[in-house]
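**Q** So that we are looking at the same thing, I have put the structure below in structure tokens.
The values are calculated or read from the model by the stated rules, or taken from the named source; none is laboratory data. For clarity, every value in this text was computed on a predicted model and none was experimentally measured. For neighbour counting, all protein chains shown are included, and Cβ atoms are generated from backbone atoms with ideal geometry for every residue, glycine included.
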Amino acid sequence: MKYIRYVKSQCPGVLGGMYFWMYFLYLMHFLYKTETRNLFLMQEVFQMEGIEKVCQFLDEAHVYYLATVEGEQPRCRPFGTSLLYDGKLYIQTGKVKEVSKQIAVNPKVEICAFNGGKWLRVAGELVNDDNRDVKVAMLEKFPTLKSMYSADDDNTQVLYFKNAVATFSSFTEKPEVIKF
Ligand SMILES: Cc1cc2nc3c(=O)[nH]c(=O)nc-3n(C[C@H](O)[C@H](O)[C@H](O)COP(=O)(O)O)c2cc1C
């Protein structure tokens, strides 16, 4: 109120009131825009922390199981590759494999890993990415793959999770759900 009285005293009359309200609205608009931006940034930070936690769990578990669907039949196999690149969780496979063909027909998958009394499930869709840089980064993270794959062969495939729901579970704690 003190400020309102001050501004009014500086700009008396109807004009003063008008300037005051124009300034007030401008200020509110500015604050709203800044706050909205901050909220989006915070959301991104939380999302980032979540996906990092998922990737770290997969790294520490070393092995996870990837389930795909073939018609009406679920298919499951051990996998070990995971990479956080450009804010996305990637896995790697070979295009010649049945798993790759199944994902091409139906990209809905689920992975499951167990480590240290906790298990993680990530359900989502896998999206093929032809970005060579990701393939190189994946092979750098898992150098043993280099004897079978290269970034420039026609076989190496990297895919990232879209619309993913990751759930950490244990017998003692409430499930923790992370979406990315
Ligand atoms: C510990 C472990 C980790 C593996 N990691 C991967 C992997 O990250 N990517 C992959 O394509 N195959 C991986 N494999 C091999 C696949 O499990 C294997 O090729 C499987 O047969 C592929 O499934 P499909 O026969 O339905 O195509 C891994 C195997 C083991 C034992």
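**Q** Scanning region 151-163 for residues that are in contact with a Leu (Cβ under 7 Å, 6 or more places away or on another chain) and not aromatic (Phe, Trp, Tyr), which turns out surrounded by the most Cβ atoms within 10 Å (Cβ to Cβ)?
**A** The selected residue is LEU159.
**Q** A follow-up question, please. What is the number of the single condition among (1) over 21 Å from PHE57 (Cβ atoms); (2) touching a His at 6+ places or on another chain (Cβ under 9 Å) that ASN115 does not meet?
**A** Of everything listed in (1) over 21 Å from PHE57 (Cβ atoms); (2) touching a His at 6+ places or on another chain (Cβ under 9 Å), ASN115 misses just condition (1).
**Q** So which residues in region 56-79 are within 15 Å of the ligand (Cβ to nearest atom) and buried (at least 17 other Cβ atoms within 10 Å of the Cβ)?
**A** LEU58, ALA61, TYR64, LEU66, ALA67, THR68, PHE79
**Q** Consider only pairs whose beta carbons are under 6 Å apart and that are at least six residues apart or on different chains; among these, list those whose first residue lies in region 54-72 and is assigned by TED's automatic domain parsing to the domain that holds LYS88 and whose second residue is of a type in the set (Asp, Glu).
**A** ALA67/GLU110
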